[in-house]
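Just so it is clear, none of the values below were taken in a lab; they were calculated from the coordinates. Not measured: the values here are computed from a predicted model. Note: ideal-geometry Cβ built from the backbone for every residue, glycine included; neighbour counts use all protein chains shown.
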Amino acid sequence: MDFENLPTAADLARFALAAQHLRTLEWCPESERLANLTEEHAFDLQLATDLELAEQRAAFINVGPPAEAYLNRWVIASPGLDAMLSIRFKGLDVSKPFVDVSVTSRPVGTGDLAALVEVAAREYRGFNAPRIRIWSADGTFAGLRPDQRVLAAPLAELSGGEVAPDISLRRTADLSHYAAAQAAYAAVDAAHPEHPGQAGLLSEEDLQETIEAGTMFDVFWQGEWSGYAGTLAKTKNGLPAQSVQEMLLAPHARGHGLGSSLSVLLARHLPTDVRVLSGTIHGDNRGAQTAARRAGRHDIGGWWWVPTVN
């Protein structure tokens, strides 16, 4: 790695901001957003330079390549396009490596994909990653499979939306409904075999963290416990956000058009500041995307999988 030619975190922030959806530029002052993105992408540089951290990753993943192979790379993909690459493992599953194109010096288009695939395969050849992941704020890529989409909107805009009758939120006090939530996910997984690859219930530890933050809520419909809806305050895509941790309806509450009410109710219950509500939904999960849009959330971009082999 040529450390002398690495960009600064501020450089990465400028590149990342240029790749965001134009709609979001109205939601946060540019100076604040650049500061947030600088902080977010500082970790990319640490992953590119910190050999001790690379050694820890190598020991944890333990798939063969030496520690240096785990360092992020800042590479020239093609004339006019530089990229920050990192080796990742989907769900920390060592059998599912991929190369994440974390930041690019300009937004990525279809004509850039072959060059990105080539440089990723060369830089991380020891991992035999079958695909890379790219970010795009606009449009679609013909023939590619989607990963997660980001759907977001300012809380102030969402709070005025419509809410279905007989549905409400109550602040979650404990883990007493966790088994019911597990059963709800299992029912969806049984009905939709593709669902386990799209979404999963947050862990008990993460649920407890969200409860302690005061931003996890039980969903009640017609007087019965009917799911979870909760967030944590984070910066996402450089935006000060309430990031969705869980949005779940139990089987008896599904199919009644209640999904959009959850985003609206969250906006009404969350702290009244300038944050946006932001959450990821898998690109193939049309029902959840439709509910989010009906509530007033906007698709502001997402990730695409690009195969490295035909």
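Evaluate the charge dipole of region 9-138 about its Cα centre and quote only its size in Debye, nearest 20, assuming +1 on the Cβ of each Lys and Arg and -1 on the Cβ of each Asp and Glu.
Dipole magnitude for region 9-138 comes out near 500 debye.
With +1 on each Lys and Arg Cβ and -1 on each Asp and Glu Cβ, and nothing else charged, work out how big the dipole of the chain is about its Cα centre, in Debye to the nearest 20.
Dipole size: approximately 860 debye.
Using the alpha-carbon centroid of each, what span in Å lies between region 170-203 and region 65-136?
Comparing the Cα centres of region 170-203 and region 65-136, I get a distance of 32 Å.
Could you work out the relative contact order of the chain? I mean the mean sequence separation of Cα pairs under 8 Å and 6+ apart, divided by the number of residues, in percent.
23
Through the Karplus equation 6.51 cos²θ - 1.76 cosθ + 1.60, θ set to phi - 60°, convert the phi angles of region 86-95 into ³J(HN,Hα) values in whole Hz; use x for Gly and Pro.
8, 8, 10, 9, 4, x, 6, 8, 5, 8
Taking region 220-268 on its own, what percent of its Cα-Cα pair distances exceed 12 Å?
66
Gln182: net charge of surrounding residues, Cβ under 13 Å, Lys/Arg +1, Asp/Glu -1, itself excluded?
-3
Summing Lys, Arg as +1 and Asp, Glu as -1, what charge do residues with Cβ under 15 Å from the Cβ of Leu239 carry, Leu239 excluded?
Once positives and negatives cancel, what remains is -2.
Taking the Cα centre of region 152-302 as origin, sum charge times position over the Cβ atoms of Lys and Arg (+1) and Asp and Glu (-1), and report the length of that vector in debye to the nearest 20.
520
Taking amide hydrogens as modeled 1.01 Å from N in the peptide plane, which residues meet the under 5 Å criterion relative to Thr172, leaving out close sequence neighbours?
Here Met216, Phe217, Asp218 satisfy the definition.
Which cross-chain or sequence-distant (5 or more) residues have an amide H under 5 Å from the amide H of Ala153, H modelled 1.01 Å from N in plane?
Hits under the 5 Å cutoff: Leu277, His298.
Would you work out the relative contact order for region 152-302, in percent, from Cα pairs under 8 angstrom that are 6 or more residues apart?
Over region 152-302, the number comes to 34 percent.
Calculated FRET efficiency, Arg14 and Glu224, Cβ-Cβ r, R0 41 Å, to nearest 0.05?
So, using R0 = 41 Å, E works out to roughly 0.25.
Please list, in order along region 41-49, the HN-Hα scalar couplings obtained from phi with the Karplus expression 6.51 cos²θ - 1.76 cosθ + 1.60 (θ = phi - 60°), rounded to whole Hz, x for Gly and Pro.
So the Karplus estimates, Gly and Pro as x, are 8, 4, 5, 4, 6, 4, 5, 8, 10 Hz.
Based on the Cβ-Cβ distance of Ser78 and Leu53, what FRET efficiency does E = 1/(1 + (r/R0)^6) give at R0 = 51 Å, to the nearest 0.05?
0.95
Scan around Asp147 for amide H atoms under 5 Å from its own, H built in the peptide plane at 1.01 Å from N, and keep only partners 5 or more places away or cross-chain.
Those lying under 5 Å, H to H, from Asp147 are Gly283, Trp303, Trp304, Trp305.
Enter the per residue convex hull volume of region 36-136, computed from alpha-carbon coordinates, in Å³ rounded to the nearest integer.
In region 36-136, the Cα convex hull volume per residue is 105 Å³.
Enumerate the calculated ³J(HN,Hα) couplings along region 51-65 in order (Karplus 6.51 cos²θ - 1.76 cosθ + 1.60, θ = phi - 60°), each rounded to whole Hz, writing x wherever the residue is Gly or Pro.
Running phi through 6.51 cos²θ - 1.76 cosθ + 1.60 with θ = phi - 60° gives 5, 4, 5, 4, 5, 5, 5, 4, 5, 6, 6, 6, 10, x, x Hz.
Please give the contour-minus-distance gain from Ala114 to Arg23: 0.36 nm per residue of separation, less the Cα-Cα distance, rounded to one decimal in nm.
Extending this stretch completely gives an extra 29.9 nm.
How high is the relative contact order of region 9-138, in percent, with contacts defined as C-alpha pairs under 8 Å that are six or more residues apart?
Taking the mean separation of contacting Cα pairs over the length of region 9-138, I get 23 percent.
Which one of Ala199, Ala156, Thr231 has its Cα pushed farthest toward the positive end of the charge dipole of region 145-248, where Lys and Arg give +1 and Asp and Glu give -1 at the Cβ?
Ala156
Measure of size requested: the Rg and Dmax of region 152-302, with Cα atoms as the atom set and Å as the unit; please supply both.
Just the Cα atoms of region 152-302 yield Rg and Dmax of 14.2, 39 Å.
Summing +1 for each Lys or Arg and -1 for each Asp or Glu, what net charge is found among the other residues whose Cβ lies under 14 Å from the Cβ of Ala295?
+1
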